[in-house]
Amino acid sequence: MTKTNLNDERQTISSRLEKTLDSQRSIQAQKRHSKGYNTARQNLRALSGSENFIEYGQLAMAAQRQRRDYLELQSETAADGVITGIAKINQETIEPLSDKTHATALIINDYTVLAGTQGYFHHLKLDRIIDIADQKQLPVIMFTEGGGGRPGDTDITTVNSGLQCTTFSRWAGLAGVIPRIAINNGYCFAGNAALFGCADIRIATESSSIGMAGPAMIEGGGLGQYSPQEIGPIEMQAANGVVDIVAKDENHAIQIAKYCLGIFQGKANHWQAPDVSRLEQVLPEDRRYAYDMTKVINGIVDTGSFLELGSHHGKAIVTGFARLNGHSVAVIANNCKVLGGAIDVAAANKLDDFLQLCNQFQVPIFSLVDTPGFMVGPEHERQGAVKHLSQLFATGAKLSVTFVAVVLRKSYGLGAQAMMGGSTSNPSYTISWPTGEFGAMGLEGSVKLGFKKELDKISDPQQRQDLFDQLVAKQYKKGAAMEVASVLELDAVIEPAQTREVLLSALLLD
């Protein structure tokens, strides 16, 4: 081959690759920008910077050569609607664990290509990068925007149903193997939604609509006509637990995704300790009053490091990631502002999912306990409380990750046991603040039940109340933290300001 021919080949390759870039797809880019959205390649740059990205399948195009012009397909269906590859993420901020690197598999659906739909080569690209992630044990960040399956790929004539597609089972098969973080912005329907729903951490922007079917499929099924915005709007999907974290926009979602990824990668390079003395004033003097549990969390963990997951659903429980001296930790806590901290079905399901995620990827957990127990009553039983709440004990029994419990105030009944992995002896260290109070059930309830005969004998309301108060005080003294520690039902009682220091030692992080 002559030098001239080599130059021609190089020019051809360069020109062909440029057709997949925003510079050659300005009309599509402008449409995205008019909505306030990024292009797929802008999201790629925001995640990794293009200089360290190894792309797979950039030259792919839709399998529609029989019905569309070949040159048009190269640009109009660039990369067949999905950018896939490997990049190093968080190199500047995270010290990787000894046997890991910053390498991360990326899957970024491109809505400017046939509305982000999943075609034949699109699925092959997904399968390829999923296999690579599995082989190399790489975490995955996936942008899921798109309209589901694509019926217009006419080049593939030997496929009838398309049900032989293995993408969904391969993606789901990575559960518990590698961390998978999904980001959605805009419309996400059918197959795209199935991928989103399977991820370990699901982030969606305020403009997201996510559903297992889009408008055409719903109408085709005779279920009525709906706009895309009416199908799985973000308010609905955050409230029901489909979405773990709501982001303002794509750039915010990327920041969140990188933070979550860093939790699984290693220790943060930079951190700042909070003013732990503030913990001494966080609890109200009256034990019946509620307080803000996030103030406790933020008074313990590195400044600005707490990221809550599931803040819009299961609100009786707080779950999230944080750091202690730069080390990754998971936090679970009762929220006494909701149901007095009683654990209902929604909160139990959220907690169970989170505990399993942390256990799978060995993120140390500390639990902040302040609960009157499980939520009870006929209405709660209609939701399957027995099944859902009991699952917490099954999950707790299988925890292998380092786990420490800190009782702040109320620690009653089965709910408190569930917050400690099953019992006060399940954590590797179980401690309490001096304000901790323990019992098989709430003090007031135990007195009403256990001393019903004595109370019923007193006809005078004031005398009855006086006896009740005396019995409650007696029960409180018996279940006080120091008394419980004296019979070795917990390991230690500490001052609130000591919590951070003790956790660092107990979680084996210092």
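Would you mind counting up the charge near GLU18? Only other residues with Cβ under 13 Å from its Cβ, with Lys and Arg at +1 and Asp and Glu at -1.
Working: positive: ARG10, ARG16, LYS19, ARG25, ARG41; negative: ASP22.
Residues near GLU18 contribute +4 overall.
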Query raised in the report: When LYS478, LYS452 are ordered from fewest to most other Cβ atoms inside 10 Å of their Cβ, what list results?
Result: LYS452, LYS478
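Once Rh for region 3-263 is found with the Kirkwood sum over Cα pairs, what is the Stokes-Einstein diffusion coefficient at 37 °C and 0.692 mPa s, in µm²/s?
For the chosen part, D equals 173 µm²/s.
If you wrap region 248-338's Cα atoms in a convex hull and average its projection over all directions, what's the area in nm²? Could the numbers behind the result be given before it?
Values: hull surface 26.7 nm².
Projected area, direction-averaged: 6.7 nm².
Please compute the Kirkwood hydrodynamic radius of the chain from all pairs of different C-alpha atoms, in Å with one decimal. Walk me through the numbers on the way to the answer.
Details: mean 1/r = 0.0394 Å⁻¹.
Taking the inverse mean of 1/r over all distinct Cα pairs, the chain comes out at 25.4 Å.
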Report summary line: If amide H atoms are modeled at 1.01 Å from N in the peptide plane, then the residues at a separation of 5 or more from GLY85, or on another chain, having amide H under 5 Å from its own are TYR56, LEU106
Report summary line: Straight-line reach check, LYS478, cutoff 19 Å on alpha carbons, 8 or more apart in-chain or any other chain, hits among aspartates and glutamates -> ASP286, ASP370, GLU437, GLU444, ASP466, ASP469, GLU489, ASP491
Query raised in the report: Check THR371: other-chain or 5+ apart residues with amide H under 5 Å from its amide H, H built from backbone geometry?
Result: LYS410, SER411, TYR412
Query raised in the report: Any idea what angle helix 250-265 forms with the longest principal axis of the chain, computed on alpha-carbon atoms, 0 to 90 degrees, nearest 10?
Result: 70
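Rank by packing, highest mean first: peptides 223-229, 162-168, 203-209, with packing defined as the count of other Cβ atoms within 10 Å averaged across residues.
Values: 223-229: 11.1, 162-168: 13.1, 203-209: 22.9.
Peptide ranking by packing, descending: 203-209, 162-168, 223-229.
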Requested in this report: State, as an integer percentage, the relative contact order of the chain based on alpha-carbon contacts under 8 Å between residues 6 or more apart.
Outcome: 9
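Of LYS337/LYS474; LYS410/LYS457; LYS410/LYS474; LYS19/LYS248, which pairs sit farther than 19 Å apart, going by alpha carbon to alpha carbon? Spell out each step's value before the answer.
On the way: LYS337/LYS474 27 Å; LYS410/LYS457 30 Å; LYS410/LYS474 16 Å; LYS19/LYS248 31 Å.
Violating the 19 Å Cα-Cα cut-off are LYS337/LYS474; LYS410/LYS457; LYS19/LYS248.
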**Report entry** Those lysines that a straight Cα-Cα span of less than 23 Å connects to LYS100, excepting residues fewer than 8 apart in one chain
**Finding:** LYS88, LYS136, LYS258, LYS267
Report task. Take region 357-467, compute every pairwise Cα distance, and split them into 10 Å bins from 0; I just need the percent in each bin. Result -> 13, 35, 29, 16, 6, 2
Report summary line: hull vol. (C-alpha, convex hull) per residue for region 191-249, Å³ -> 80
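Bear in mind that the values in this text are calculations on the coordinates, not laboratory data. Predicted model only: the values in this text are computed from it and were never measured. Cβ coordinates were reconstructed from backbone atoms using ideal geometry, including for glycine residues, and neighbour counts include every protein chain displayed.
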